[in-house]
Amino acid sequence: MKTPDSKITQNLRRLMREIHEPASLFSGMTIQQSLAPENIIIFKRTDTTLLKPEGVSVNFHHRFELVTVLDTAAPARIDRTTYDLHPGECALIFPNQFHHFMDVSRTRLDWLFITFELKNHDAIRALHNAPRVLDPAGLQLLSDLVQEFVHPKTATRDTLEISYTLSRLLLHLLSCASLPTDRKDIHSSDDVRDVILESINKYVRANLGRAVTIADIAEELGYSVSHLRAVFRDRLGVSLGKYMRESRLSEAAQLLQSSTFNVSDIGERCGFESLYAFSRAFRKAYGIPPRTYRQLVQEGGPLPVSGKKD
């Protein structure tokens with residue numbers, strides 16, 4: 001049968017002439033090379049008390065986190081900058097960025113959270129520390145994404161469609177307006193407490209390989225142990241001791257994903273006295289041993305977000 005000589009066919013034939021012979025017939029493009037979010041989790045926060053759940057995995061983790069404010073404005077602290085987020089605005093928090101939310105004026109709120117993993121994020125680097133104002137097209141993409149998540153067209157959610165829509169949303173955010181200047185790097189009466197909080201975080205992160213005590217941090221920063229404990233608990237809703245323990249595990253998870261160090265070396269680098277102690281603590285936090293975790297990363301399987309609670 002003769003191929004119809006349509007304009008589309010003619011155009012395809014012209015394009016085909018521009019295709020070069022591939023370097024290999026067995027190694028080509030992969031999904032990982034594109035902006036393909038995976039291990040996607042969508043959740044909501046409608047109560048201010050839930051903005052301070054316990055655990056470092058909330059305030060410091062190796063996943064991306066897209067936070068969208070739909071109702072009730074509040075400051076968001078990302079690294080050392082505070083942004084005043086209003087309804088219709090969002091912020092993309094990159095892996096290993098220390099962050100927390102504070103001073104929410106009302107008890108009830110509507111905030112949407114989307115967390116995910118991304119192997120190649122160069123294309124969205126411009127969204128780092130750059131919250132955006134969603135335009136109608138951006139809001140529609142977000143709505144389409146949540147629609148498929150809540151009311152899938154088929155019996156099960158279309159993971160590929162959700163990933164594709166999230167990818168389009170992230171790329172679209174690059175063209176959305178940034179926050180007004182007067183709502184970036186804002187200051188509040190709690191600035192001193194936030195500086196203390198970030199100084200604690202910086203010290204803990206710089207000393208993951210040794211057994212740091214709260215007394216060590218207090219001496220380094222020039223505050224009493226009781227004051228540091230109170231600031232940390234008040235601002236993050238988690239004890240400083242627990243944060244220090246879980247910071248080491250968060251760093252270990254990142255090294256298992258991105259480094260070639262063996263599991264024993266990673267445990268030692270993160271301050272664990274033995275492989276047994278490291279494996280036991282990691283399994284308790286993430287639900288699986290560190291070797292299994294690394295294997296899932298290598299095979300492209302979904303990673304657990306958290307393990308058992310204390």
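The values are calculated or read from the model by the stated rules, or taken from the named source; none is laboratory data. Small disclaimer: the values here were computed from a predicted structure and weren't measured. Ligands, DNA and RNA are excluded from the accessible area calculation, which covers all protein heavy atoms including side chains. Shrake-Rupley method; radii C 1.70, N 1.55, O 1.52, S 1.80 Å.
When VAL231, VAL238 are checked against the criterion of being assigned to a helix (DSSP H, G or I) and at pLDDT below 85, VAL231 stands alone in meeting it.
Checking VAL238, VAL231, VAL225 one by one, the residue that is open to solvent by 30 Å² or more (accessible area, probe 1.4 Å), β-branched (Val, Ile, Thr) and within 28 Å of ILE196 (Cα to Cα) is VAL225 and no other.
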